[in-house]
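Beneath this line is the structure, given in structure tokens, with notes to follow.
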Amino acid sequence: MSFCVPGAARALTLSLILGLGSTQAAKADAAAGEALFKRHCAVCHSTKAGEILSAPSLARVVGRKAGATPGFPYSAAMKSAGVVWNATSLDAFVAAPRKAVPKTNMAFTGLPDAAKRADLIAYLATLK
């Protein structure tokens, strides 16, 4: 997703899209989030729609129902989580996957830093 609006208007736009508070959105940095993705997520998750590595693609993850990528063998816990991925649910899951969805197969243990999670979520929102 590309934003053509500067400063505060960009933060407001991002906050509306992600459902984040304007302060958190203003600080979110999709480029920093991409670096985090490459460091923590890319070993298992692709950003290309339909490409499954050892985990489902995260292309178009924002707005998608958890456990709904065709062709990926999700855990029963993820299939029945009843979650739609948005800023709030992604934040909770990335913070502590096994707390957000008990019995998930997600190997990642979590990212405790809220600012880094906001950056990562900002990046995930760009994956169309």
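Restricting 127, 111 to residues that are part of a loop (DSSP other than H, G, I, E, B), within 20 Å of residue 28 (Cβ to Cβ) and in contact with a His (Cβ under 8 Å, 6 or more places away or on another chain) narrows the list to 111. Among residues of the range 62-89 that are free of Cβ contacts under 8 Å to residues at least 24 places away in the same chain and farther than 14 Å from residue 106 by Cβ, those with a Cβ under 6 angstrom from a residue that is surrounded by fewer than 18 Cβ atoms within 10 Å (Cβ to Cβ) and of a type outside the set (A, V, I, L, M), sequence gap 6+ or separate chain, pair up as 84/65. Within this structure, residue 14 fails the test of being buried (at least 19 other Cβ atoms within 10 Å of the Cβ), part of a loop (DSSP other than H, G, I, E, B), hydrophobic (A, V, I, L, M, F, W, C) and modelled with pLDDT under 95. When residue 25 is tested against the conditions (1) at pLDDT below 95; (2) not in a helix (DSSP H, G or I), the lone failure is (2). Within the range 55-88, the residues that satisfy the criterion of being crowded, with 18+ Cβ neighbours inside 10 Å and not in a loop (DSSP other than H, G, I, E, B) are 78, 87. On the stretch given as the range 89-128, residues that are surrounded by fewer than 19 Cβ atoms within 10 Å (Cβ to Cβ) and β-branched (Val, Ile, Thr) total 2.
The values are calculated or read from the model by the stated rules, or taken from the named source; none is laboratory data. These figures come from a predicted structure and were not determined experimentally. Positions of Cβ are backbone-derived with ideal geometry, glycine not excepted, and every protein chain shown enters the neighbour counts.
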